[in-house]
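This report refers to the structure that appears directly beneath it.
Bear in mind these aren't lab numbers, they're just calculated from the coordinates by the rules spelled out. The structure presented is a predicted model; accordingly, all values stated were derived computationally and were not measured. All Cβ positions, glycine included, derive from the backbone under ideal geometry; neighbour counts span all protein chains shown.
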Amino acid sequence: MLLSINDVAIKFLSEDYALHLVVLIRSVIGLIIILAVIAPFTDGWTIARTSRLRMHLLRGLCVVTANMTFFLGLAAMPLADAVAIFFISPLVITGFSVIFLGETVGPRRWAAIGVGFVGVLVMMRPGTAAFQLASLLPLAAAFFYAAIHIITRRIKATESAGTMAFYIQLSFIVVCLLMGLAVGDGRFGDQSNASLAFLLREWSWPQPAHYPAFAVIGIGIGFGGYLISQAYRVGEASFVAPFEYLALPMSVIWGIIVFAEYPSALDFVGMALILGAGLFAIWRDAQVK
C-alpha cells in the first residue's frame, strides 16, 4: 500500500519537477526516517556496517534503474497500465529463482509465467496503433525489480533489512545528485515526450502546495523500502512476490479517483491474465511444498 501511494504521488509530481529531483527529495526524507526511526529499533548506528558492499552497490543500481524506468513510464502512461505491465515482475522473480537460486519450478508454474507474458502483450498491444514505446519502461523495470529480490535472497543471511534499505536510499541520493549535476540545468528540458521531459526538466524549488506530496513519497519509501526488504529477506521469493499484486487493483482505483483514467475492456483482460498467472503460481508453489 505504501509503495502504491508512492506511485500516485510521483505521477502527480511528474508534470512539474524533474524525476531526479523528486527522487532525491524522496530519498533524503526516506534516509532520515531510516536513521531516526528504523535504526534505533533494529541495528542502531551499525546499520551502515556491511561485509557485502559490492552486493549492496549492485542491488542499489538495480533499484535505481527499476524505479527510474518505472517512474518515467508513469509520466506517459495511465497508472493502472504501467502497474499492470510492471507486475510481470513476480513471475520474472519465479523464473530468476530457478536460474540464480536453484529453486525448483514445475511445468505448471512455467505455464503461468507464459500466461503472464501473454497478459503483458495484451496490455502493450505491440504492432498496433495503441502501442507506445513508454510501455517498454515498466517492462524493463520489472526485470530489474526481479533482480533486486534475487540479490536480496543471496545476502539475507548476513545483511539486515535496515542495512539494505539504508544502502538503497544512499544509492538513490548519489545517482540523483550526479544526474542533477549533468542535466539539472534544464538545457535538454524542452521535450514533447512526457517521459523525456520528466527526465530532463530543470530543477526547481518545490512549491509549498506540493510539500505534502513530497512528504508522502519520502515516508512511503522510508517504511515501504524497509518492509519489502524484510519480506524478501525472511520469506521465499516465490511466496512473497504475489502479495505485491495488491497494488494492481489499488492502481485501478487510484487511477480512476485521482487521474480520471478508466482502463479499457482489453486492459482488464490483460490485467486478469497477469493477476491470474501470479496467483496460480503461488497456489501451485504451496501445493508442491
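From zero up to wherever the largest Cα-Cα distance of segment 1-59 sits, split into 10 Å bins and tell me the percent of pairs in each. The calculated distribution, bin by bin, is 19, 35, 34, 12, 0. Just need log10 I(q)/I(0) for segment 1-159 at q = 0.13, 0.17, 0.18 Å⁻¹, Debye formula, equal scatterers on the alpha-carbon atoms, no solvent, rounded to two decimals. Log10 I(q)/I(0), no solvent term: -0.74, -1.14, -1.22.
Across segment 1-93, C-alpha contacts under 8 Å between residues 6 or more apart give a mean separation that, scaled by the residue count, equals a relative contact order of 43 percent. In a simple Cβ point-charge model (Lys, Arg +1; Asp, Glu -1; nothing else charged), segment 19-148 has a dipole of about 200 debye relative to its Cα centre. Extension gain, A209-R187: 0.36 nm per intervening residue step, less the Cα-Cα distance, totals 5.3 nm.
Length gain on complete extension for the stretch V288 to I256, per 0.36 nm per residue less the alpha carbon to alpha carbon distance?
Values: separation 32, 0.36 × 32 = 11.52 nm, distance 3.85 nm.
Length difference between fully extended and current span is 7.7 nm.
Within segment 170-250, the trypsin sites (Lys or Arg not before Pro) that combine a DSSP coil assignment with at most 10 other C-beta atoms in a 10 angstrom radius are R187. Each residue of segment 201-212 was assigned a 3J(HN,Hα) from its phi angle through the Karplus curve 6.51 cos²θ - 1.76 cosθ + 1.60 (θ = phi - 60°); the sequence is 5, 5, 5, 8, 5, x, 6, x, 5, 9, 4, x Hz, with glycine and proline shown as x. Across segment 164-207, the residues whose backbone nitrogen lies under 15 Å from the label position 7 Å along the beta-carbon direction of A48 are 164-174. A simple charge model with +1 on the Cβ of Lys and Arg, -1 on the Cβ of Asp and Glu and nothing else charged puts the dipole of the chain at about 900 debye relative to its Cα centre. Phi angles of segment 221-227 translate, via the Karplus equation with coefficients 6.51, -1.76, 1.60 and θ = phi - 60°, into HN-Hα couplings of 6, x, 7, x, x, 5, 5 Hz per residue; Gly and Pro are given as x.
Label segment 124-245 by shape, choosing from rounded, prolate and oblate, from the square roots a ≥ b ≥ c of the eigenvalues of the Cα gyration tensor; if a/c is under 1.5 it is rounded, and otherwise prolate applies when a/b is larger than b/c, oblate when it is not. In terms of gyration-tensor shape, oblate.
Using a Förster radius of 30 Å, what is the FRET efficiency between L178 and V234 based on their Cβ-Cβ separation? Nearest 0.05, please.
Taking R0 as 30 Å, the efficiency between L178 and V234 is 0.35.
Principal axis analysis of the Cα atoms in the chain yields extents of 52, 51, 30 Å, listed in decreasing size.
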